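Written below as structure tokens is the structure these notes are about.
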Amino acid sequence: SSSSSSSSSSEGGAEGVMQKCRIEVHVLEARGLIDADVGGKSDPYCTVYMKRKGTLKKTNVIKDCLNPKWEGMVFEYAVIDPDNDEVEVTVYDEDTGKDDYLGKTTFKVAAVAHHFGPIDAWFKLLDKGAATADRSKTDRGEIRLKFVYTDADGTKYDASRLCDGCHKATVKARVRVADEEKFLCRKCTLA
């Protein structure tokens, strides 16, 4: 219970250790978006928001498109509470004046934190206020997102190399076992 914290947040988490956890949000593409403009098209862009963190980030606008591709749009956030933090991605149609809402999805950081690898998937875009797909009345299309998690030890779950021991987790260390080089995750290194 030290009160001398240099720059760590006091958002109800352990100081230092939990601050190292990070999540990368890759906004890749969308399909089947609603046509919000005259002429049957939209000018879509996304906002990415880490709930409880207050940092709203935005992709570029893709003009006249219902199936946009946002190649290379990557946003990174600090994770305070891996079990409860959520990322919200909302798609809008850019207009003169007020932009039109096209749909949103929410992703729990715990899903990728406990997956030991990246998650690259299509997510259904929901109506405003709809918590689940079965509560969403309008088909708003889908968005493809990729999430990559880095834990408090600095291990990035990017599946660039899987553990030779459990074949699940991302490699943390290279070790020699009986004159053979092995790549092991933290759990297998400690075992």
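The values are calculated or read from the model by the stated rules, or taken from the named source; none is laboratory data. On a predicted model such as this, the values are computed, not experimentally measured, just so you know. Glycine also receives a Cβ, built like all others from the backbone with ideal geometry; neighbour counts cover every protein chain displayed. When the accessible area is computed, the model is the full protein with side chains, heavy atoms only, and any ligands, DNA or RNA have been set aside. Shrake-Rupley method; radii C 1.70, N 1.55, O 1.52, S 1.80 Å.
Near E94: Cβ cut-off under 13 Å, other residues only, Lys/Arg at +1 and Asp/Glu at -1. The net charge is -3.
For F123, the amide hydrogen comes within under 5 Å of the amide hydrogens of I143, R144, L145, counting only partners 5 or more places away or on other chains and with H modelled in the peptide plane. Distance from a point 7 Å along Cα→Cβ of T132 to each backbone N in the stretch 106-124: keep the residues under 17 Å and list them by number. The answer is 106-108, 124. Shown is the FRET efficiency for D100 and K20, computed with R0 = 45 Å from the Cβ-Cβ distance and rounded to the nearest 0.05: 0.70. Using a simple spin-label model with pseudo-atoms 7 Å out from Cα toward Cβ, D35 and A111 lie 3.0 nm apart. Each Lys or Arg adds one and each Asp or Glu subtracts one; over the other residues with Cβ under 11 Å from the Cβ of R144, this totals 0.
Counting only aspartates and glutamates at least 8 places from K146 when in the same chain, those with an alpha carbon closer than 20 Å to its own are E24, E29, E71, E76, D81, D83, D85, E86, E88, D120, D158.
Comparing L33, N84, W122 along the charge dipole axis of the stretch 24-149, the residue lying farthest to the positive side is N84, per the Cβ-charge model. Taking a threshold of 31 Å on the Cα-Cα distance, which of the pairs K53/K182; K124/K182; K41/K137; K20/K63; K53/K137 fall above it? As for pairs spanning more than 31 Å Cα to Cα, those are K53/K182; K124/K182; K20/K63.
Counting only heavy atoms of the protein chains and using a 1.4 Å probe, S136 has close to 20 Å² of accessible surface.
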